[in-house]
């Protein structure tokens with residue numbers, strides 16, 4: 001089985017597309033690149049590609065991962081150049097590595113994500129430091145997620161690998177957080193921000209926050225270094 | 001340049017409708033061009049992006065070095081609210097420059113019930129909605145598309161219309177514009193419009209006076225020497241030479257027709273008497289299969305799509321369809337491309353083709369018998385018998401299909417209750433056939449019934465539309481006669497068809513009504529969840545105009561119709577003759593391969609039918 005694992009981005013230009021739309025744009029790019037993609041058998045063949053943990057609409061990423069299966073061998077430079085040339089604005093191919101295909105499914109391996117949130121600071125920076133400090137030292141912080149009438153409470157602290165770090169940058173507040181992804185669930189960075197605002201008095205613009213995934217890891221390794 | 005705050009985009013549904021940057025979108029430096037053209041469709045992104053006509057014009061205009069074309073669609077209610085709140089003007093998806101900064105804003109006019117959106121988009125662009133109030137600071141507002149054969153109800157909102165196929169004439173318009181601009185814009189807006197009015201296929205409503213007479217009808221006549229008394233549509237003679245959309249913009253989000261569109265041919269001369277497209281896109285002109293295969297390849301390479309639709313008004317009539325399909329399937333075997341035929345003919349040839357094309361997914365099959373009895377099908381010249389339907393459906397069941405959709409209309413001329421009940425009977429027959437073929441139950445038949453709206457330039461353009469309570473009675477009657485639980489019955493909101501009926505055959509007095517309806521909050525009227533019937537009724541009342549005058553009145557042959565000065569080339573005599581033949585339940589042959597029916601299009605436009613099958617006979 002010939003497989004490539006790729007490290008790709010989801011940039012500003014396509015910030016507002018969904019995970020599903022992201023997958024179809026990659027499929028179309030692979031067809032434009034004329035790579036010998038493998039398809040599933042049966043009446044409704046689909047391209048054999050797989051992605052790691054899904055990104056929310058509105059979130060950009062420097063670290064998306066996609067596996068693709070090919071029917072014929074293609075050398076790495078050719079794969080890299082052909083796919084790069086076919087990608088739209090907003091997706092960059094950072095790395096591509098051929099692997100034997102026995103590695104675990106991408107979706108299952110990621111256990112940690114690194115996020116940077118940039119948002120307008122509406123109060124004093126010192127107050128923001130206090131708010132984040134309170135969150136970092138709290139034993140628990142419960143977020144209530146409402147999705148289509150379903151309400152679910154999530155204890156956020158269990159997913160925070162390290163204390164949230166805070167910087168001030170040209171009237172913006174920059175928060176860095178490392179969030180665990182576990183088989184039983186995780187929390188979204190936007191949800192942590194809401195939590196900080198609602199329960200820890202952080203005065204920020206939540207809706208206008210720009211969230212970027214900086215890294216996605218499995219056992220401290222980036223997903224591409226796993227293969 | 002418009003800058004959108006992420007907080008705003010996060011707060012609206014489907015923000016990718018408003019952010020552009022798609023594959024194959026063309027971005028040009030505005031400093032390098034002489035003409036900036038915004039192409040609009042007054043509906044949401046997903047609808048607008050699916051329109052083939054605009055894709056063609058986008059390519060034609062951007063192929064010119066001196067011109068840039070960009071796209072703009074109607075923002076959905078939530079986005080409009082935000083834009084108004086933050087005073088963000090309507091902008092184009094490529095440069096994010098505001099629409100007001102363009103030289104032209106062209107609207108594709110697909111159906112009448114979207115006219116209020118035009119006003120709304122002009123208003124969001126800070127452009128005066130009335131043409132008469134515009135200055136040299138404003139773009140020229142131009143319309144085109146299927147509704148162009150009666151633009152009187154919106155004539156006062158537009159500077160000019162392009163009548164017929166736009167890909168040649170739009171370039172001529174740009175040429176005239178650039179030379180007018182370089183000459184220092186002599187005689188202002190009017191100077192430019194008077195030059196345009198001399199060209200074939202251009203209608204400038206402000207250069208015509210309207211005279212209303214209770215008995216004689218409505219006459220629209222030139223008020224200056226430049227304007228032509230009769231504006232004929234533009235038409236391409238050679239489809240192989242026509243610009244083709246080799247590199248269509250590929251959206252990131254799912255749109256209505258999210259696939260490649262391979263246009264096999266233009267026109268349809270089957271001659272269905274209710275059908276405006278059939279009359280106004282004549283004559284039939286096919287592309288050669290060789291050219292189509294070439295174009296399909298280019299398009300697939302530039303988009304990466306895995307689905308291609310073979311589009312036309314009646315694709316199954318393409319003369320070389322059988323061999324073309326074989327060739328395309330072979331050409332794209334590697335890429336796993338699936339093909340679809342949007343319009344199936346009611347015969348087993350079509351079923352075999354559909355089977356070949358849809359080896360993958362057995363989605364539903366759709367047929368349009370249009371009427372429930374043979375008598376009424378003859379009235380409308382549908383040329384389909386019950387036997388045809390039985391054969392087609394039997395073939396489909398044998399191939400494994402289990403879902404059939406049947407399209408009908410109600411309110412057709414000469415229709416009786418028997419014809420309505422005939423719809424139920426025919427649907428039942430289609431259900432029963434399944435058991436006969438497969439020996440078991442399990443079929444799903446959807447019966448979809450539209451309310452007939454008589455349109456200009458059809459043989460039924462004189463016909464008084466069925467009244468609202470009568471439509472509702474007929475819908476109830478049909479419902480009562482559909483008893484089988486495998487039949488799903490769906491029908492249109494008759495109130496929308498009632499208003500569409502008034503606007504479709506309206507005159508210039510309706511500009512006030514549309515303006516009033518928009519002022520009172522009407523928009524997205526074609527969307528049933530947004531349709532505000534009361535607003536429309538009160539708008540008519542406020543303007544002291546009765547919609548029935550336009551929709552329900554039977555017109556006389558002698559009456560001057562408000563749309564006679566702009567024509568697709570079919571003669572009034574032909575249409576009247578077809579109207580009379582309808583009353584006699586007498587059929588008229590398709591001139592594509594049969595006898596010429598003397599509709600007048602070919603001689604008046606110097607064009608010919610191009611059918612490669614006919615040539616080979």
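In this rough spin-label picture, where each label sits 7 Å from Cα along the Cβ direction, the residue B:571-residue A:161 distance is 8.2 nm. Net length available on complete extension from residue B:483 to residue B:604 is 38.5 nm, with 0.36 nm assigned per residue and the Cα-Cα distance removed. With a Förster radius of 41 Å applied to the C-beta separation of residue A:144 and residue B:349, the computed FRET efficiency comes to 0.10.
Helix A:19-32 sits at what angle to the longest principal axis of chain A, using alpha carbons and giving 0 to 90 degrees rounded to 10? In chain A, helix A:19-32 runs at an angle near 30 degrees to the longest axis. Between residue B:417 and residue B:77, the FRET efficiency estimated from the beta carbon spacing at R0 = 41 angstrom works out to 0.50.
For the protein assembly as shown, the share of DSSP beta bridges that are antiparallel, to the nearest 5, is 55%. If one takes the longest principal axis of the Cα atoms in chain A, at what angle in degrees, from 0 to 90 and to the nearest 10, does the Cα axis of helix A:189-200 lie? Taking Cα atoms only, the helix is inclined about 10 degrees. In whole angstrom, note down how far apart the Cα centers of the stretch A:102-119 and the stretch B:371-419 are. A separation of 56 Å, based on Cα centres. By other beta-carbon atoms within 10 Å, ranking B:352, B:529, A:100, B:507 with the fewest at the front produces B:529, A:100, B:352, B:507. Per-residue mean of foreign Cβ neighbours for B:311-323 is 0 (Cβ atoms of other chains, 10 Å radius). What percent antiparallel are the DSSP beta bridges of chain B, to the nearest 5? Close to 20 percent. For the stretch B:507-537 versus the stretch B:215-231, the spacing of their alpha-carbon centroids is 28 Å.
Each residue in B:115, B:397, B:491 was given a count of other beta-carbon atoms within 10 angstrom of its own, and listing them fewest first yields B:491, B:397, B:115. Which parts of the stretch B:136-168 would a label at residue B:185 reach, counting a residue when its backbone N lies under 19 Å from a point 7 Å out along Cα-to-Cβ? Correct set: B:136-142, B:158-160.
Computed over the protein assembly as shown, the per-residue total of -39500 (n - 2.57) for DSSP H runs of n ≥ 4 gives a 222 nm mean residue ellipticity of -9500 deg cm²/dmol, rounded to 500.
Once you divide the Cα radius of gyration of the stretch A:2-108 by 2.2 N^0.38 Å, the number left is 1.01.
By DSSP, the beta bridges lying fully in the stretch B:380-513 are antiparallel in about 0 percent of cases.
Label sites at residue B:65 and residue B:175, each approximated as a point 7 angstrom past Cα along Cα to Cβ, lie 1.7 nm apart. Look at A:203, B:458, B:221 and count the other Cβ atoms within 10 Å of each Cβ; fewest to most, that gives B:221, A:203, B:458.
Coordinate-derived values only; no laboratory data. Small disclaimer: the values here were computed from a predicted structure and weren't measured. Positions of Cβ are backbone-derived with ideal geometry, glycine not excepted, and every protein chain shown enters the neighbour counts.
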